[in-house]
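Accompanying notes for the structure given below.
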Amino acid sequence: MNSDGTFLDEVQIKKLINIADKGTFTYSNVDGIVPPMHNNSWLKKHIAEILKLKIVDKKKISSRKFKVVVDAVNSSGSHIVPDLLEQLGCKVIRLYCDGTGIFPHTPEPLPQNLTGLANAVVKNKADLGISVDPDADRLVLITETGEPFSEENTITTAVRHVLRKSKTKNATVNLSTTRAVDDIAKELGGEVFRSAVGEINVVKEMMKNGSVIGGEGSGGVIFPASHYGRDSLAGIVLILGELAQSGLSLSNYKKSIPQYHIAKAKIENVKNPDQVLKKIKKLNEKNRDLIKSWSNDGLKLDFKDFWVHMRKSNTEPIIRVITEARTQEEAEKIQKSFLNQVKSLI
């Protein structure tokens, strides 16, 4: 990270690598080496700072007496997430929170990896389940019925809560994030800005346009009133605040969010991905339903009833194709159409 607490951008990373490659370092004398420090007080300090945020209505959240099951995959969020919830008046059931760093299941918070959490929520008659990834910067929820809330709905709900309470109505998400964010911002008189995929790209765009909330559809919430970085704790207080204000169960609240479905795929062995994407753009630019296109991160085409985002990999000769539509069937149908377009140009 750099001096302002954000990730290094592409230019800064190249500069750092260049310095490392030169190897012209001045090494400290062995007597001047500082030993490792272990200071758990920073967990308490971060919780305190989160709870002091103006947007956090601790009394209202506490009044709901939420029962929450937490799956922190025995990693970074094992203590800080339950501690925050307890200070918000929640009854916490710790599922995988021993802090050993030994993952009890595949750690990425996707539905197929959260069946244990879903079962625990139903078994304990909890109001919701909370899952965080190993470094606790992604937040995914399970409803009281044991169904996935959807990682896309994490940022959507956070955006709704912040824009509802803020005079400034700007939000920033990446190009692959659900259109539901735009729908909700429009309802609240707000505007959504889009960045290239990647936390630092979202942060830079937020700083540029003065967004009061931002993030990514992978469950990452960035709330600059706290700090410019993805943080599950910020996401938790925003979502519990929204849920407390609504008076709804999580499953019923989900029904209030515009529903879209996403399909993801990739095409391998693409020799000239940039040229392929340019040709795809040309093929579709005269389509009357095309609303807008972006070329700052591969190619995104925003149509009236759906969108498609095609990105090349920086490490492999592949193109990723992401589509979103009102139904899963439609999203997959559109995806197949664009996959065929790409294949015809390889």
Quiz item: Taking the DSSP beta bridges in the chain as the whole, what percent of them are antiparallel, to the nearest 5?
Solution: 65 percent
Quiz item: Label-point separation (nm) for Lys45 and Asp98, each offset 7 Å from Cα along Cα-to-Cβ?
Solution: 3.0 nm
Self-check item: For the stretch 92-218: rounded, prolate or oblate by the Cα gyration tensor [a/c cutoff 1.5]
Solution: prolate
Self-check item: Computed FRET value (nearest 0.05) for Lys304 with Lys271, which takes r as the C-beta separation and R₀ as 41 Å
Solution: 0.80
Practice problem: Using R₀ = 22 Å, calculate the FRET efficiency as 1/(1 + (r/R₀)^6) where r is the Cβ-Cβ separation of Asp135 and Leu8; round to 0.05. | Solution: 0.85
Practice problem: Any chance you could run the full-extension gain for Lys264 through Thr315? It's 0.36 nm times the residue separation minus the Cα-Cα distance, nm to one decimal. | Solution: 16.5 nm
Practice problem: Divide by every residue of the chain the summed helix terms, -39500 (n - 2.57) for each DSSP H run of at least 4, and state the resulting mean residue ellipticity at 222 nm, rounded to the nearest 500 deg cm²/dmol. | Solution: -12000 deg cm²/dmol
Self-check item: Two-decimal Rg to Rh for the chain - Kirkwood Rh, Cα set
Solution: 0.99
Exercise. Grab the eigenvalues of the alpha-carbon gyration tensor for the stretch 261-345, scale each by 5, take roots, and send me the semi-axes largest first in whole angstrom.
Key: 19, 15, 11
Quiz item: Packing-wise, with mean Cβ within 10 Å as the measure, how do 41-52, 210-221 rank, highest first?
Solution: 210-221, 41-52
Self-check item: Alpha-carbon centroids, the stretch 1-25 and the stretch 196-229: separation in whole Å
Solution: 21 Å
Quiz item: In the structure displayed, which of Lys67/Lys255; Lys125/Lys186; Lys22/Lys312 lie more than 25 Å apart, Cα to Cα?
Solution: Lys125/Lys186; Lys22/Lys312
Quiz item: Roughly how compact is the stretch 152-262, stated as its Cα Rg over 2.2 N^0.38 Å to two decimals?
Solution: 0.95
Self-check item: Alpha carbon centroid spacing (whole Å) that separates the stretch 295-338 from the stretch 137-187
Solution: 20 Å
Quiz item: Quick one: which of 236-248, 152-164 comes out on top by average Cβ neighbours within 10 Å, and what's the full order, highest first?
Solution: 152-164, 236-248
Exercise. Quick one: of Lys264/Lys343; Lys14/Lys279; Lys165/Lys300; Lys167/Lys292, which pairs are farther than 23 Å apart, Cα to Cα?
Key: Lys14/Lys279; Lys165/Lys300; Lys167/Lys292
Quiz prompt | Set of aspartates and glutamates with alpha-carbon distance to Lys91 below 13 Å, sequence-local pairs under 8 removed | solution = Asp83, Asp127
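Each reported figure results from applying straightforward, stated rules to the coordinates on display, with no laboratory input. Just so it is clear, the structure is predicted and the values come from calculations on it, not from any experiment. Cβ sites come from the backbone with ideal geometry, for glycine too, and all protein chains shown count toward neighbours.
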